[in-house]
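Note sheet for the following structure.
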Amino acid sequence: QAILLIESPAQLKKSISGAYGAFQLMPDVARNYGLTVNNSVDERDSFERSAYGAAQLISRSCIPSVKSILQAHNIPYEETDLWFRLLVMHVYHAGATNVRAVVNKIHPSQGGQELIKQIWSTTTGSFGNSSQNYTQVALATQLLLHEISTAH
């Protein structure tokens, strides 16, 4: 839900980098995860197909990338931990190479909330302000969704 609300709230716009659809998938990423993207068809404009592609990206690329990044630093994790899931969202947004670079710059000895807070205040290469803030926006989105769902 957070990715959907952050990436394309109630509109389908193409980003400067070429990402498109409800989950802002790049053309090659969409194709890699089973969507048709060519001169006549772009399944990224289908909510269902875009959601499928995003789910495939998260499960087949983002989660394994986070595991690899953490294993390189000998950091234990549980996939159900909030901080692990936030790290997955950073990879979804900025890419594994950029997240690996920022984690390498931090050179953490442990995971957890402190690692996420350090990511929020560390830049490197293409990991700048919007990448740092991505999971802060995701958390704020979840709080708003919770508030809306409990207001009735």
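What the table below lists for this structure:
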quantity: Residue, farthest from A22 (Cα to Cα), within the stretch 100-117, restricted to residues that are open to solvent by less than 60 Å² (accessible area, probe 1.4 Å) and in a helix (DSSP H, G or I); calculated: I106
quantity: Considering residues of the stretch 30-45 that are in a loop (DSSP other than H, G, I, E, B) and of a type in the set (S, T, N, Q) only, the residue nearest to S61 (Cα to Cα); calculated: T36
quantity: Residue within the stretch 46-55 that is of a type outside the set (V, I, T), touching a helix residue (DSSP H, G or I) at 6+ places or on another chain (Cβ under 7 Å), free of Cβ contacts under 8 Å to residues at least 60 places away in the same chain and not in a helix (DSSP H, G or I) present; calculated: no
quantity: All positions within the stretch 124-135 that are in contact with a helix residue (DSSP H, G or I) (Cβ under 6 Å, 6 or more places away or on another chain) and exposed (fewer than 13 other Cβ atoms within 10 Å of the Cβ); calculated: G125, S126
quantity: Criterion violated by I75 - all others in (1) assigned to a loop (DSSP other than H, G, I, E, B); (2) at pLDDT below 95; (3) aliphatic (A, V, I, L, M) satisfied; calculated: (2)
quantity: Options T122, T135, T80, T97: the member that is within 27 Å of Y33 (Cβ to Cβ) and in a loop (DSSP other than H, G, I, E, B); calculated: T80
quantity: Filter result for I16 (β-branched (V, I, T) and assigned to a loop (DSSP other than H, G, I, E, B)); calculated: yes
quantity: Residue under evaluation I69, criteria (1) under 16 Å from the mean Cα position of the chain (by Cα); (2) surrounded by fewer than 16 Cβ atoms within 10 Å (Cβ to Cβ); (3) closer than 27 Å to S15 by Cβ; (4) in contact (Cβ under 8 Å) with a residue 12 or more places away in the chain, criterion not met; calculated: (2)
quantity: Tally of residues being of a type in the set (S, T, N, Q), in contact with a Leu (Cβ under 9 Å, 6 or more places away or on another chain) and either loosely packed, with under 13 Cβ neighbours inside 10 Å or more than 16 Å from H93 (Cβ to Cβ) (or both) across the stretch 15-54; calculated: 2
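The values are calculated or read from the model by the stated rules, or taken from the named source; none is laboratory data. A quick note: this is a predicted structure, and the numbers were derived from the prediction, not measured. For neighbour counting, all protein chains shown are included, and Cβ atoms are generated from backbone atoms with ideal geometry for every residue, glycine included. These accessible areas exclude ligands, DNA and RNA; they are computed on the full protein's heavy atoms, side chains included. Shrake-Rupley method; radii C 1.70, N 1.55, O 1.52, S 1.80 Å.
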